[in-house]
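The values are calculated or read from the model by the stated rules, or taken from the named source; none is laboratory data. None of these values were measured; they are calculated from a predicted model. Neighbour counts run over all protein chains shown; Cβ positions are idealised from the backbone, glycine included. Calculation scope for accessible area: heavy atoms of the full protein, side chains included, ligands and nucleic acids excluded. Shrake-Rupley method; radii C 1.70, N 1.55, O 1.52, S 1.80 Å.
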Amino acid sequence: MDSIVVKGNGALNGQIPIAGAKNACLTLMPATLLSDEPLTLTNAPRLSDIATMTQLLESLGAEVSSLDDGHVIVLSSHKADNPVAHYDIVRKMRASNLVLGPLLARHGQATVSLPGGCAIGARPMDIHTDALTAMGAEIKLKDGYLHAVAPKGLQGAVIDFPFASVGATENIMMAATLAKGTTVINNAAREPEIVDLADCLRKMGAQIDGDGTSSITIQGVDRLHGATHPVVTDRIELGTYMLAPAIAGGEVELLGGRMDLVAAFAEKLDLAGIDVSETANGLKVKRRGDLINAVDVVTEPFPGFPTDLQAQMMALLCTANGVSVLEEKIFENRFMHAPELIRMGANIDVQGGHATVTGVDRLKGAPVMATDLRASVSLILAGLAAEGETVISRVYHLDRGYEHVVAKLRGVGAKIERIKQNG
Ligand code: EPZ
């Protein structure tokens, strides 16, 4: 397994290009199942999660080809006749569950393996299944698979989500595009990836209103046609790289960055003493002074502070001037980066969903282990300003969500390299 070696090397300066959003692409790809005509996605990121979704869709009979070094994906489902999503693929990635709604809409039936838990939590699917049941599906759990049938097809329904689940909003929105009648999702997720999916579905002929608000209305139509759609900028990759100059000093411009995608995050950076400004090409980030102010963070559904940036923010706050409290309200086990940061000299006390970070002068490089996608990149960020060398193992987690992370950081002066190891 490869590892990444980072040496604290002073200020970073230059530009980092931001890719298309992994979490938008992972919900846009299954939309191919809603039509027999080709769906072309541009500005797609080249990531192992995208390869996994490709493998899953191909197992369902879709044809997927990638062009332009993986940044254009052409999907065609005219031969997609298999409604069964097998465990051996689904277990690799939770987002595989996003084929459930489209399969039900396409075939009137679907058999999808439960993804199983993952490092950050149990991640049940009750919100998805309750909503599809309200739309006329009969769903049974058997041998770890969800067996869903909608003998009379899916019917529109008014659905009240107990929690603004991103995946459930995406699954129901896709299923509802071909349901009979009107579906209303109340307490829907408002993430930019939801709006991006709605934009794409509208290009395919769907009738959707209210995406980006807590109430989304979908008027079912008989069929959807093909479309070409650019994947929205990745706000989590953006926020991650905004923290590089925040932690190491210097001034970095994030090409393609948009303030509306990271408003709550940028607000916290401002309180911490980091300047974020809009430029003609994206966002520019630099520290205002030598000291980082301690700030408290609570993760919430969009437009609140994103849970996917909690680990990275913690890396910044490890050397803040004072005590910061981070409350993780979305997932039940998303502080696995804390013990690794403690190995680097951080002072962090985790009690349930709260992590109290008492700033220290400087972290010290150490051998650490990546535990999940966002935790792995928080260790790289910490290593950018640590004294000495940090060696991060199990970096395959990184490949799921960050394309060219070493090249992007070297491009602004970081001392970072990837060590290929067999096995
Ligand atoms: C999406 O996951 C993202 N993944 C996650 O990003 C992100 O952290 C999460 O949304 C929250 O923003 C993709 O978009 C592919 P949820 P999702 O349904 O849809 C509970 C990353 O690092 N829940 O909003 O699975 C669930 O257990 C990944 O890129 C239920 O209880 O998130 C969790 O505690 C990690 N029942 C909370 O809601 C359900 O039926 C948020 O889940 C569904 C969810």
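A few points about this structure:
- Å² of accessible area per residue within the chain, as computed with a 1.4 Å probe and no ligands counted: 38
- Theoretical gain in end-to-end length, Glu387 to Lys142 [0.36 nm per residue, Cα-Cα removed]: 82.9 nm
- Taking label positions 7 Å along the Cα-Cβ direction at both Asn13 and Asp349, the computed distance is 4.2 nm, reported to one decimal.
- For the residues Asp68, Asp81, Asp160, a GNM of the chain with alpha-carbon springs under 10 Å puts the largest fluctuation on Asp68.
- Convex hull volume of the C-alpha atoms in the chain, normalised per residue: 126 Å³.
- Cα-derived Rg over Rh, computed across segment 22-230 with Rh taken as Kirkwood radius: 0.92
- Electrostatic bookkeeping for Val295 treats Lys and Arg as +1 and Asp and Glu as -1; over the other residues with beta carbon under 11 Å from its beta carbon, the sum is -2.
- Segment 335-358-segment 37-106 distance, computed between alpha-carbon centres (Å): 37
- DSSP beta bridge pairing in the chain, given as percent antiparallel to the nearest 5: 70
- Residues considered: Val72, Val412, Val158. Largest GNM mean-square fluctuation over the chain, using C-alpha springs under 10 Å, is found at Val158.
- Relative to the longest principal axis of the Cα atoms of the chain, the long axis of helix 192-203 makes an angle of roughly 30 degrees.
- Ranking Tyr241, Ala11, Ala175 by Cα position along the charge dipole of the chain, where only Lys, Arg, Asp and Glu carry charges on their C-beta atoms, puts Ala11 farthest toward the positive end.
- Where only DSSP H runs of four or more residues are counted, the chain gives -8500 deg cm²/dmol as its mean residue ellipticity at 222 nm, each run worth -39500 (n - 2.57).
- Full-stretch length increase - Asp81, Thr358 - with 0.36 nm per residue and alpha-carbon distance subtracted: 94.2 nm
- Whole-percent carbon and sulfur share, accessible surface of segment 22-230, 1.4 Å: 51
- In nm, spacing of pseudo-spin labels at Val325 and Leu255 (7 Å Cα→C-beta vector): 4.3
- Among Leu255, Leu379, Leu67, the largest mean-square fluctuation in a Gaussian network model of the chain, built with springs joining Cα atoms closer than 10 Å, belongs to Leu67.
- Calculated FRET value between Asp290 and Asn186, using beta carbons and R₀ = 51 Å, to 0.05: 0.60
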